[in-house]
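Only one structure is covered here, and it is reproduced in the block below.
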Amino acid sequence: MPETPVPAPDQVVIWNYKFVPETLTVHVGTTVSWINRDTAPHTATHRTYGAEGFDTGNLPNGATFTHTFQTPGSYPYLCMYHQGMVGTVVVQ
């Protein structure tokens, strides 16, 4: 199996049923991108009743999704298809 891809700054790579890195820390106003390099489709979904919710929807291999974070906080997310896949964006 190929080595795990190294994400660019402010990027999460979906690889081998994991979010890489699992925790990403960014500044307010940063646009984070998720790119699926896995063979299966995935989502990166943060459900909330406040602002800053995001959901990539179905993200097939090679697809990218971006979200700009405007509010400090911790944003845990998961893959709706593979709920053992979890990650967090920490916004400072």
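A few notes on this one:
- Summed over segment 12-34, the residues that are over 13 Å from residue 67 (Cβ atoms) and not in a loop (DSSP other than H, G, I, E, B) give a count of 8.
- Being in contact with a Pro (Cβ under 9 Å, 6 or more places away or on another chain) and small (Gly, Ala, Ser) holds for only one residue in 63, 51, and it is 63.
- Restricting attention to segment 49-92, the residues that are exposed (fewer than 12 other Cβ atoms within 10 Å of the Cβ), under 13 Å from residue 36 (Cβ atoms) and of a type in the set (A, V, I, L, M) add up to 0.
- Unmet criterion (only one of (1) at pLDDT 95 or above; (2) farther than 12 Å from residue 19 by Cα) for residue 53: (1)
- Among the residues of segment 44-60, those identified as out of contact with any His (no Cβ under 9 Å at 6 or more places or on another chain), in a loop (DSSP other than H, G, I, E, B) and not small (Gly, Ala, Ser) are 47, 48, 49.
- Any hit, segment 28-38, residues being at pLDDT 95 or above, of a type in the set (Asp, Glu), under 14 Å from the mean Cα position of the chain (by Cα) and at positive phi: no
- Residue within segment 69-87 that is more than 14 Å from the chain's Cα centre (by Cα) and β-branched (Val, Ile, Thr) present: yes
- Restricting the first member to segment 7-21 and to residues that are hydroxyl-bearing (Ser, Thr, Tyr), and the second to residues that are surrounded by fewer than 17 Cβ atoms within 10 Å (Cβ to Cβ) and modelled with pLDDT of 95 or more, the beta-carbon pairs closer than 8 Å and six or more apart or on different chains are 17/40; 17/82.
- Positions within segment 61-81 being among the polar types (S, T, N, Q) and either more than 22 Å from residue 4 (Cα to Cα) or outside any loop (DSSP other than H, G, I, E, B) (or both), in sequence order: 64, 66, 68, 70, 71, 74
The values are calculated or read from the model by the stated rules, or taken from the named source; none is laboratory data. Everything numeric in this text was worked out from a predicted model, so none of it was measured. Glycine gets a Cβ as well: all are built from the backbone with ideal geometry, and neighbour counts include every protein chain shown.
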